[in-house]
Structure formats: structure tokens, C-alpha cells
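A quick write-up on the structure given underneath.
The values are calculated or read from the model by the stated rules, or taken from the named source; none is laboratory data. Small disclaimer: the values here were computed from a predicted structure and weren't measured. As a convention, Cβ positions derive from the backbone with ideal geometry for all residues, glycine included, and neighbour counts pool all protein chains shown.
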Amino acid sequence: MARILSIDFGKKRTGIAITDELQIIASGLTTVETKVLLPFLKDYFAKENVERVVIGEPKRLNNEPSEVVPILNEFIKKFRIEFPEMPVERMDERFTSKMAFQTMIDSGLKKKQRQNKALVDEIAATIILQDYLNKL
């Protein structure tokens, strides 16, 4: 089997998580600057066998798209041009950042460590991916 990769897309930073090859566990991979996301993915896909990408769908509480959606849609267009064979699925990502922050608290991370927004993005991507796996 191949891995599944998830993306918690942001204007500045993007959190990335990946499954194991058996697609049982989601683990945080890294956080990259959004402007270098496509080159990062190209390099990663060349090294690892990834069968699909799950991208967090940013929505407001009233189910309206958030302000980042137009930028995300533009990224997805570029992604599909760069990787036409790679399936892309979207998952509701509401509350994942709050859940990620709570996970950091529950893990006993100190206040200074919890201020690391890159870590929050990586954990949010992990939550998106684990939610996806739970629905399979």
C-alpha cells in the first residue's frame, strides 16, 4: 500500500502529515512555507509512494468558506497541473487548530512551545488525516 498525505493549508505556512504504508496511523511530517509547498511535494513524492492527498477545507462556523479558500483553490489548480494522476480529497477542517492546541496542552508542552504556530499547523494536518482515516 501507499501513504496518504494531508495538508493544513495556510496563507503563510502549511502543515503536512502522512500515514504509515499500511494507512493505519497519521503522523505529523513537517510545516513548510506555503510559497515552497509545490516544490516540497514534488521532492517528497519522488522519494515516497503517496497514493492520495487530503486537503483541509477551511470553513467558518456557519459553513461558509473562509477567506483563505480562493488561495487554496488556486493552489489546488496548480497541484492538479503538477500532479495530474494524484487524487485530491477535501476534508472539513473546522476546529482542527483548536484541537491541535488542546493536544499540545494535553501533551504537557510548555507555554513557549505551544506558541509555535508551525507545530500547531503540523498537528492540525495530523488531525485532518486521522479524521479521514477514521471515515474509511
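Among the residues of the stretch 7-28, those identified as within 11 Å of the chain's Cα centre (by Cα) and surrounded by fewer than 20 Cβ atoms within 10 Å (Cβ to Cβ) are ARG13, SER27. When the stretch 29-57 is limited to residues that are touching a residue at least 40 places away in the same chain (Cβ under 8 Å) and within 11 Å of the chain's Cα centre (by Cα), the one that is surrounded by the fewest Cβ atoms within 10 Å (Cβ to Cβ) turns out to be THR30. Checked against the criterion of being at pLDDT 95 or above and in a helix (DSSP H, G or I), the candidates GLU74, GLU122 yield just one match: GLU74. Just one of the listed residues (LEU22, LEU41, LEU29, LEU72) is among the aliphatic types (A, V, I, L, M) and touching a Phe, Trp or Tyr at 6+ places or on another chain (Cβ under 6 Å), and it is LEU72. When residues in the stretch 83-104 are screened for being in contact with a Lys or Arg (Cβ under 7 Å, 6 or more places away or on another chain) and at pLDDT below 90, 4 of them pass.
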